[in-house]
Amino acid sequence: MDKTNEFRLFEIKNRIKQAIQGNIMYALSKDGFFDMAALHGDKARRLQYDLEGFSGHLEFSLFKSDPDFKIESLLPSIERELADNGLEFKVEVIDKPYDFKKSVVLKGNTRQVFMNMFPGDKIPKSISDADTVNVRFEMNYDPPMFAGYEKKTCLYPSPYEITVYDKPSLFAEKIDHTIFRAWMGRVRGRDLYDYVFYLIKKVPYNHKHLVARLLKFKYVEAKEDMTLDEVKANLGYRFREINYQEAKRDLLPFIENPQELDVWSVDYFLSITQWLNAQ
C-alpha cells in the first residue's frame with residue numbers, strides 16, 4: 001500500500017474509532033455508568049476543549065476503588081448498542097493487575113464496519129478485506145485519589161451526559177505521564193505536546209491528584225509532602241534525558257504542521273516549565 005492509501009486507511013480507522021467511542025459512551029451513559037466513573041485521558045481533553053482530530057483509546061476510572069469490579073458487566077449494553085446499528089465486533093477482555101486496569105478491545109472488519117457506518121462514502125479498494133480496526137477502552141478500578149470532576153454533554157449518536165476529569169486533574173495526569181512513562185523507558189511525543197498545550201492554556205494542575213498518582217504508581221521521587229518546586233525539578237530531570245528527535249517521530253502522524261516542533265529542546269521545556277502552577 002502506498003503512502004497515500006496508508007494515510008487514507010489511518011483516517012478511515014480514526015473516523016470509525018471516534019464514532020464507535022460515541023456509541024460506547026452513549027450505551028454506558030444510559031446504564032448510569034457515569035454515576036460511578038469518569039472519562040479522562042486524551043478523549044476527555046478533546047471534549048473539554050472541543051478539539052477535533054485523532055483520539056486514542058477511552059480511559060475511565062471509578063470514583064472509588066473496587067478491586068472486584070467486573071468490566072464484563074459493561075459489555076451487554078455496549079454490544080446491544082452496536083448490534084442495533086448493524087455493527088459486528090469481536091470482544092477481548094484483558095486484565096492488567098500490575099496497572100490496576102482492565103481493558104476491552106473491540107475488533108471489527110474495517111471495510112464492513114465503515115460501509116455500515118458511512119454507507120455514502122467510498123472506501124479505497126486497496127484496503128484488504130481482511131483488515132481489522134480495533135477500538136479499546138480501559139477501566140482503572142483502583143484509581144489515584146483527589147481527582148476533580150465535571151459534567152459534559154455529548155451529541156453523538158444522540159445527546160447524553162458523561163462525567164469527565166476537570167482540566168486541572170487532566171493536566172495532573174499529563175504531568176504524571178510526562179514524568180513517569182518516560183521514566184519507564186517510553187518516549188511519547190504526545191505527552192510532551194499535551195504538556196505544552198495545558199501550559200499555553202494557563203491551566204493550574206491538581207497537585208493533590210498528581211502526588212497521589214506518583215505515589216500510586218511508585219515513582220521513585222514521589223513523597224506525600226512533594227512541593228511544586230520539586231515537581232518542576234523532576235520535570236527538569238526528565239527534560240534533560242529526552243531524545244527529542246525520537247519524541248517528534250512519535251508525534252508526526254498526529255499533527256498537521258511538523259514545523260511547530262522545531263523549537264523542542266531541553267532549554268525550551270525548562271523555560272516553559274517556569275509557567276507551571278498548582279491548584
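Each value in this text was obtained by applying a stated rule to the coordinates, not by laboratory testing. Please read these numbers as outputs of a predicted model, since none were measured by experiment. Reconstructed Cβ throughout: ideal geometry from the backbone, glycine too, with neighbour counts over all protein chains shown.
Please go through region 253-271 and give me each residue that is touching a Leu at 6+ places or on another chain (Cβ under 8 Å) and in a helix (DSSP H, G or I), ordered by number.
P258, L261, F269
What tally of residues in region 255-279 results from selecting those that are closer than 27 Å to N14 by Cβ and buried (at least 16 other Cβ atoms within 10 Å of the Cβ)?
Count: 3.
Looking at (1) surrounded by 15 or more Cβ atoms within 10 Å (Cβ to Cβ); (2) farther than 16 Å from K43 by Cβ; (3) not charged (D, E, K, R), find the lone condition where P159 falls short.
With (1) surrounded by 15 or more Cβ atoms within 10 Å (Cβ to Cβ); (2) farther than 16 Å from K43 by Cβ; (3) not charged (D, E, K, R) applied to P159, the lone miss is (1).
List every residue pair whose Cβ atoms sit under 8 Å apart, with the two residues 6 or more apart in sequence or on different chains, where the first one lies in region 234-250 and is more than 17 Å from Y219 (Cα to Cα) and the second, anywhere, is of a type in the set (K, R) and assigned to a helix (DSSP H, G or I).
Sorted first by the residue in region 234-250, then by its partner, the pairs are D250/R190.
Among (1) closer than 22 Å to D50 by Cα; (2) part of a helix (DSSP H, G or I), which single condition is K202 missing?
All conditions are met except number (2).
For region 31-50, check the following and say yes or no: at least one residue is assigned to a loop (DSSP other than H, G, I, E, B) and over 20 Å from D166 (Cα atoms).
Yes, region 31-50 has at least one match.
Looking at region 54-106, which of the residues that are of a type in the set (A, V, I, L, M) and over 22 Å from the mean Cα position of the chain (by Cα) is farthest from F180 (Cα to Cα)?
A83
Taking only pairs six or more apart or across chains, which ones have beta-carbon atoms under 6 Å, a first residue in region 129-146 that is within 20 Å of K17 (Cβ to Cβ), and a second residue that is surrounded by fewer than 17 Cβ atoms within 10 Å (Cβ to Cβ)?
T132/K107; N134/V105; N134/K107; R136/V105
With the checklist (1) exposed (fewer than 15 other Cβ atoms within 10 Å of the Cβ); (2) without any contact (Cβ under 8 Å) to a residue 60 or more places away in the chain in hand, flag the one item P67 doesn't pass.
Unmet condition: (2).
Could you check how many residues of region 96-129 are of a type in the set (F, W, Y) and within 30 Å of L214 (Cβ to Cβ)?
2
Condition check ((1) more than 15 Å from T178 (Cα to Cα); (2) in contact with a strand residue (DSSP E or B) (Cβ under 7 Å, 6 or more places away or on another chain)) across all residues:
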{"site": "K208", "(1), (2)": "yes, no"}
{"site": "K232", "(1), (2)": "no, no"}
{"site": "A247", "(1), (2)": "no, no"}
{"site": "F254", "(1), (2)": "yes, no"}
{"site": "Q259", "(1), (2)": "yes, no"}
{"site": "V263", "(1), (2)": "yes, no"}
{"site": "A278", "(1), (2)": "yes, yes"}
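All but one of (1) outside any loop (DSSP other than H, G, I, E, B); (2) among the aliphatic types (A, V, I, L, M); (3) without any contact (Cβ under 8 Å) to a residue 24 or more places away in the chain hold for V196; which doesn't?
Condition (3) is where V196 drops out.
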